[in-house]
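Enquirer: Submitted below is the structure of interest, expressed as structure tokens.
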């Protein structure tokens with residue numbers, strides 16, 4: 001049989017071409033069809049069949065051309081329009097594909113498959129609302145078509161219409177009552193909407209229907225974890241693992257164990273998570289935090305290294321690595337890493353958490369960008385509780401203080417007297433405490449007493465805490481944590497109160513749109529630096545930093561000999577946390593030791609690793625390591641006050657300077673030499689000194705810092721004069737007057753409260 005004979009009859013041609021195809025003689029089939037198209041240019045069937053062969057061979061452009069030729073011959077071919085739409089969609093010519101689907105529908109308005117393809121193409125082209133409408137038409141044509149319900153619900157979810165998405169899934173359940181997956185989808189949305197009990201019910205039902213499916217157990221585990229019901233969460237996540245081990249569950253089990261204080265078990269689960277390819281950077285990073293909690297600092301840094309190796313710019317890990325390396329004073333590549341962090345922040349990379357960033361870079365603009373990136377990534381504004389109501393204006397303003405540090409902690413030491421001094425005729429004061437496992441120490445017992453209500457919310461979720469604050473109709477919520485270790489920013493992201501203020505615990509901008517104000521003073525945030533804070537500034541008239549009215553010295557006797565300090569040498573000291581010590585400030589301190597031969601540098605009781613690293617740096621810089629002396633910690637705060645009186649002067653760190661520690665040393669009569677920077681954390685000691693009329697102890701350059709410290713160390717007369725002035729001014733200064741301080745704070749509360757009730761937006765406030 002020859003091609004020439006075949007071409008004499010169109011029906012024969014089609015018959016034989018199909019035989020060629022069945023016998024896998026595709027080349028002969030194509031050649032025959034090409035000849036047929038030339039011989040019979042007005043016969044669309046040849047073009048259609050040749051187009052199908054081209055599309056099968058992934059020759060999209062040729063197939064599309066042939067189908068268009070077929071439609072040119074005969075425009076009323078709905079199936080050809082359908083095929084052309086599919087081909088165009090595969091070729092990413094999405095808008096044109098939709099046009100041909102529409103043309104096909106005009107001719108065959110009840111052809112379900114065309115609507116389905118059109119809806120898929122609209123979704124692919126991100127024309128989501130049109131795709132939603134198309135799926136609705138599919139449902140109208142075939143009310144029992146489950147996939148249409150599911151796809152429409154997915155699209156509604158994508159555009160943020162959670163309620164309608166949920167409603168559609170619930171309709172789908174009525175169509176397919178035995179579908180466990182639909183209940184899981186409902187549960188996820190219910191949880192997101194804050195309808196937690198309903199979500200739990202749907203997950204439990206899905207497990208009844210599908211006991212060997214892991215997704216329902218995972219969902220329950222995650223919800224109970226968020227609710228801080230850790231035992232239940234652990235139970236369900238373990239069941240999920242038994243059914244289907246995966247990265248996500250292992251990672252969550254690791255987090256859960258760490259939240260429960262079981263860091264060793266947490267590390268085991270993170271290691272199991274690392275057996276999966278997915279998410280290794282995250283698992284290594286989380287493992288590092290667990291190792292830190294276990295005191296395994298070197299191992300933690302190695303885990304951070306592994307996280308970065310898997311994903312160079314994994315969220316916040318690079319900055320965290322530098323921070324924790326700095327905490328043990330391990331400074332290899334410090335300058336290089338710092339340069340990279342600065343560069344990446346400028347390029348809007350989520351490279352460092354705000355607290356860490358404050359410890360390396362004295363630049364409020366960079367700190368603001370870093371805080372905004374962090375807030376956007378971790379703690380975006382959450383409107384799941386809806387807009388907060390404007391409460392009726394009452395005689396008493398309800399103030400809520402939120403903290404995980406109502407315990408033996410600097411925050412509690414500093415603000416307890418403020419709580420005690422609040423005017424209860426004007427204010428109703430609440431504490432929301434999320435400290436876990438707190439013992440009833442003297443500090444805790446004292447801090448609880450001044451409040452009208454002291455509420456332990458450690459076991460409540462962020463959502464439940466915010467809801468509780470709303471139920472109590474708290475007018476002003478004070479966040480005493482910010483981005484510190486024990487903080488819960490998620491509470492404020494949900495709006496616990498109509499007015500929210502950042503105070504004391506975290507000294508910097510939160511970078512959020514839901515924290516309305518930050519407390520400061522005119523020195524710490526001068527007018528020209530306001531733009532680097534997302535909050536409006538509440539300016540207190542003196543130093544923003546609260547202080548106790550009186551301190552009590554311990555009865556324990558300390559001597560230079562008992563503390564391993566030389567009897568006659570000059571004692572420089574810095575009792576700041578080790579992570580505040582940078583290579584540049586340490587080098588400056590070593591220069592002081594070099595210029596003051598009979599002097600030592602006294603530190604608190606750092607870890608063994610930190611001590612060894614500082615001693616090594618000392619040797620590198622040409623100074624006897626024995627001139628570094630490390631203290632032991634005291635259980636009683638009173639004894640700590642007595643001990644630190646042994647120091648001659650306190651050397652402040654930079655850029656993250658002393659806060660409570662600066663106040664402590666000044667209170668016992670030890671001068672503080674500080675280097676003033678531009679950021680909040682570098683200006684607190686300076687603010688204290690200004691208010692003590694001791695601005696001569698504030699320096700603005702490293703050279704100035706060095707010369708002042710040397711002058712104090714080598715000029716006994718000058719040092720004596722400074723100490724005498726310090727003691728005199730402490731006794732007369734208003735910054736150690738909690739009663740006056742409380743009045744200033746309360747005035748600011750009244751001002752922001754009145755602004756709110758006058759329908760005015762937050763603005764900078766002078767609490768005069």
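Let's see how each residue does on (1) buried (at least 20 other Cβ atoms within 10 Å of the Cβ); (2) free of Cβ contacts under 8 Å to residues at least 40 places away in the same chain; (3) assigned by TED's automatic domain parsing to the domain that holds residue 647:
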residue: 685; (1), (2), (3): yes, yes, yes
residue: 688; (1), (2), (3): yes, no, yes
residue: 719; (1), (2), (3): no, no, yes
residue: 750; (1), (2), (3): no, no, no
residue: 755; (1), (2), (3): no, yes, no
residue: 761; (1), (2), (3): no, yes, no
residue: 764; (1), (2), (3): no, no, no
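Enquirer: Would you check if there is a residue in the stretch 275-285 being buried (at least 17 other Cβ atoms within 10 Å of the Cβ) and within 26 Å of residue 613 (Cβ to Cβ)?
Expert: Taking every residue of the stretch 275-285 in turn, at least one turns out to be buried (at least 17 other Cβ atoms within 10 Å of the Cβ) and within 26 Å of residue 613 (Cβ to Cβ).
Enquirer: Let me ask something else about it. Just give me the residues in the stretch 65-78 being part of a helix (DSSP H, G or I) and under 14 Å from residue 99 (Cα atoms), in sequence order.
Expert: 68, 71, 78
Enquirer: Among the listed residues 411, 415, identify the single one that is under 26 Å from residue 753 (Cβ atoms), assigned to a helix (DSSP H, G or I) and under 23 Å from the mean Cα position of the chain (by Cα).
Expert: Exactly one residue qualifies, and that residue is 411.
Enquirer: Given 501, 525, 474, 537, which one is under 21 Å from the mean Cα position of the chain (by Cα), buried (at least 18 other Cβ atoms within 10 Å of the Cβ) and at pLDDT 95 or above?
Expert: Of 501, 525, 474, 537, the one residue that is under 21 Å from the mean Cα position of the chain (by Cα), buried (at least 18 other Cβ atoms within 10 Å of the Cβ) and at pLDDT 95 or above is 501.
Enquirer: Something else about it: Those residues that are in a loop (DSSP other than H, G, I, E, B) and under 21 Å from residue 463 (Cβ atoms), I need them from the stretch 335-389; list them, please.
Expert: The answer is 379, 380, 381, 382, 383, 384, 385, 386, 387, 388, 389.
Enquirer: Hey, another quick one. Determine which member of the set 419, 374 is surrounded by 23 or more Cβ atoms within 10 Å (Cβ to Cβ) and at pLDDT 95 or above.
Expert: 374
Enquirer: Name the pairs whose Cβ atoms lie under 9 Å apart, with the first residue in the stretch 414-433 and outside the structural domain of residue 489 (by TED's automatic domain parsing), the second part of a helix (DSSP H, G or I), and 6 or more positions between them or separate chains?
Expert: Pairs that qualify, where the first residue is outside the structural domain of residue 489 (by TED's automatic domain parsing) and the partner is part of a helix (DSSP H, G or I): there are none.
Enquirer: Pick out the one residue from 545, 586 that is in the same structural domain as residue 610 (by TED's automatic domain parsing) and either under 24 Å from residue 521 (Cβ atoms) or touching a helix residue (DSSP H, G or I) at 6+ places or on another chain (Cβ under 7 Å) (or both).
Expert: Going through 545, 586 in turn, the sole match is 586.
Enquirer: What about residue 697, is it free of Cβ contacts under 8 Å to residues at least 24 places away in the same chain, surrounded by 22 or more Cβ atoms within 10 Å (Cβ to Cβ) and touching a helix residue (DSSP H, G or I) at 6+ places or on another chain (Cβ under 9 Å)?
Expert: no
Enquirer: Quick check on the stretch 144-162. Is at least one of its residues in the same structural domain as residue 51 (by TED's automatic domain parsing), out of contact with any strand residue (DSSP E or B) (no Cβ under 7 Å at 6 or more places or on another chain), part of a helix (DSSP H, G or I) and touching a residue at least 60 places away in the same chain (Cβ under 8 Å)?
Expert: Checked against the condition, which is being in the same structural domain as residue 51 (by TED's automatic domain parsing), out of contact with any strand residue (DSSP E or B) (no Cβ under 7 Å at 6 or more places or on another chain), part of a helix (DSSP H, G or I) and touching a residue at least 60 places away in the same chain (Cβ under 8 Å), the stretch 144-162 yields no hits at all.
Enquirer: Spot the failing condition for residue 177; the list is (1) without any contact (Cβ under 8 Å) to a residue 24 or more places away in the chain; (2) over 30 Å from residue 122 (Cβ atoms), and only one is missed.
Expert: (2)
Enquirer: Looking at (1) assigned to a loop (DSSP other than H, G, I, E, B); (2) farther than 18 Å from residue 664 by Cβ; (3) out of contact with any strand residue (DSSP E or B) (no Cβ under 9 Å at 6 or more places or on another chain), can you tell me which one residue 591 breaks?
Expert: Unmet condition: (1).
Enquirer: Next question. Please work out if residue 455 is surrounded by fewer than 21 Cβ atoms within 10 Å (Cβ to Cβ) and over 25 Å from residue 750 (Cβ atoms).
Expert: no
Enquirer: Inside the stretch 687-703, can you point out the residues that are part of a helix (DSSP H, G or I) and closer than 29 Å to residue 558 by Cα?
Expert: Hits for the stretch 687-703 are 688, 689, 697.
Enquirer: Which fully enclosed strands (runs of 3 or more DSSP E) of the stretch 606-682 have 2 or more residues being surrounded by 19 or more Cβ atoms within 10 Å (Cβ to Cβ), modelled with pLDDT of 95 or more and touching a helix residue (DSSP H, G or I) at 6+ places or on another chain (Cβ under 6 Å)?
Expert: Where strands (runs of 3 or more DSSP E) fall fully within the stretch 606-682 and carry at least 2 residues being surrounded by 19 or more Cβ atoms within 10 Å (Cβ to Cβ), modelled with pLDDT of 95 or more and touching a helix residue (DSSP H, G or I) at 6+ places or on another chain (Cβ under 6 Å), they are 649-651, 672-675.
Enquirer: Could you list all residues from the stretch 216-233 that are surrounded by fewer than 21 Cβ atoms within 10 Å (Cβ to Cβ) and in a helix (DSSP H, G or I)?
Expert: Within the stretch 216-233, 226, 230, 231, 232 meet the criteria.
The values are calculated or read from the model by the stated rules, or taken from the named source; none is laboratory data. Bear in mind the structure is a predicted one, so any value in this text is a computation, not a measurement. Every residue, glycine among them, receives a Cβ derived from its backbone with ideal geometry; neighbour counts consider all protein chains shown.
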